[in-house]
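A short worksheet on the structure shown next.
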Amino acid sequence: MSSSREDRSAAGATLGQALAELEARLFVGREPELAVFGAWLAKAKVSPGLIHVWGPGGSGKSTLLRAFGRMAEASGRPLVFVDGQDVRPEAHELAMALGGATLDAAVERMNAARPVVLIDTFERLVDLTRVLQREVLPHLAAEVRLVIAGRHPLGLAWGPWRQIVRELPLGGLAPAEVREYLSRREIRDTRVVEQAVAAAGGLPLAVSLVSDLVLQHRVRDLAAAPEWHRLVRSLVEQLLHDINNRSCANCSRLVRFYASSTKPRWRPPRTTTTSANRSRSCVSSRSCGRVRMGCSSMTTSVTS
Ligand SMILES: Nc1ncnc2c1ncn2[C@@H]1O[C@H](COP(=O)(O)OP(=O)(O)O)[C@@H](O)[C@H]1O
Ligand SMILES: [Mg+2]
């Protein structure tokens, strides 16, 4: 999508609307999750009454939540949106974010309006888990729909609640979905497309950053672009931050691509052999612990 076309189609809209429209146009995949949400939204009364989206940073949780929000609005449902980045984990702040001076007032208001409630970045609000379970969830009308998104699976603190929660763990985008995304951003050079598909490992954040890089720097060969190496390094660091099995898989792909793409230009420090061996074992290893060690070592040695 060329920026001039984006500009024209967004003419007359606010910047926020233009961004939302652009995001909707670039949204790919997630059909199973959208189908689950759509069916859940259409039912008059549902059990489970809560959807939980989870996955590592950059896996597309916030983007999916906004897609849920668009569906909800299209079906005429009011929206309540809470982002854990903007709210301190205190009952009073949660109440305000949910639309009341107190949690009781917020619940009363939600029961009257029957909104779809989207709580994003829940990993920052985990301290409110008990408050939610005691003071909000048991009192919500069945027509109120609640979606929570966070980086981690629901912990033991959810106990019996887990039986009424529909879990939606987010995997990576499929290669065809990544190609579709790149095509919508008008990235069509076959070599760059396939490099991006292989390197991003389906992680939406990686796909989006690679696209920005290709467009901004008119990159025709990712392996030869110095910015690409910096970008991969920061992505690997982020993936290591949320290490789990899926991010290990992504990490391995990124590191493999990184290793091959830096081979001709990388002048390793004295610790080369050890670092290189570690990164190779990182790629082949299925163990998160070993991946972590290998990737960290590689990142360090490249930085130095
Ligand atoms: N389904 C999708 N289609 C297209 N782009 C996506 C999709 N999901 C995520 N993205 C891109 O990846 C970036 C990171 O996604 P985000 O939703 O912020 O991840 P998270 O909330 O899990 O950290 C977004 O800014 C967006 O550019
Ligand atoms: Mg997010």
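A short reminder: the numbers here are calculations on the coordinates, not readings from a lab. This structure is a prediction, so every number in the text was calculated from the model and none was measured. Counting neighbours? That spans all protein chains shown, and the Cβs are built from the backbone with ideal geometry, glycine included.
Remarks
- Angstrom value of the Kirkwood radius, inverse mean 1/r, which spans all Cα pairs in region 14-131: 15.5 Å
- Paramagnetic reach from GLU123 (point 7 Å along Cα→Cβ, amide N under 15 Å) across region 187-220: 204-206
- For region 186-228, the fraction of alpha-carbon pairs in successive 10 Å shells from zero, as %: 32, 65, 4
- Taking amide H atoms as placed 1.01 Å from N in the peptide plane, the amide H of HIS52 lies under 5 Å from those of ILE148, ARG166, GLU167, LEU168, each 5 or more residues away in sequence or on another chain.
- Computed over the Cα atoms of region 164-237, pair by distinct pair, the Kirkwood hydrodynamic radius stands at 12.8 angstrom.
- LEU22/THR190 FRET efficiency (R0 22 Å; Cβ-Cβ; nearest 0.05): 0.30
- Dipole magnitude (debye, nearest 20) for region 30-169, charges at Cβ of Lys, Arg, Asp, Glu: 380 debye
- Multiplying the residue separation of GLU31 and ASN111 by 0.36 nm and subtracting their alpha-carbon distance yields 25.9 nm.
- Taking amide H as placed 1.01 Å from N in the peptide plane, the amide H of LEU118 sits under 5 Å from that of VAL80, PHE81, VAL82, VAL147, each at least 5 places away or on another chain.
- Shape analysis of region 55-196 based on the Cα gyration tensor places the equivalent ellipsoid semi-axes at 33, 17, 13 Å, largest first.
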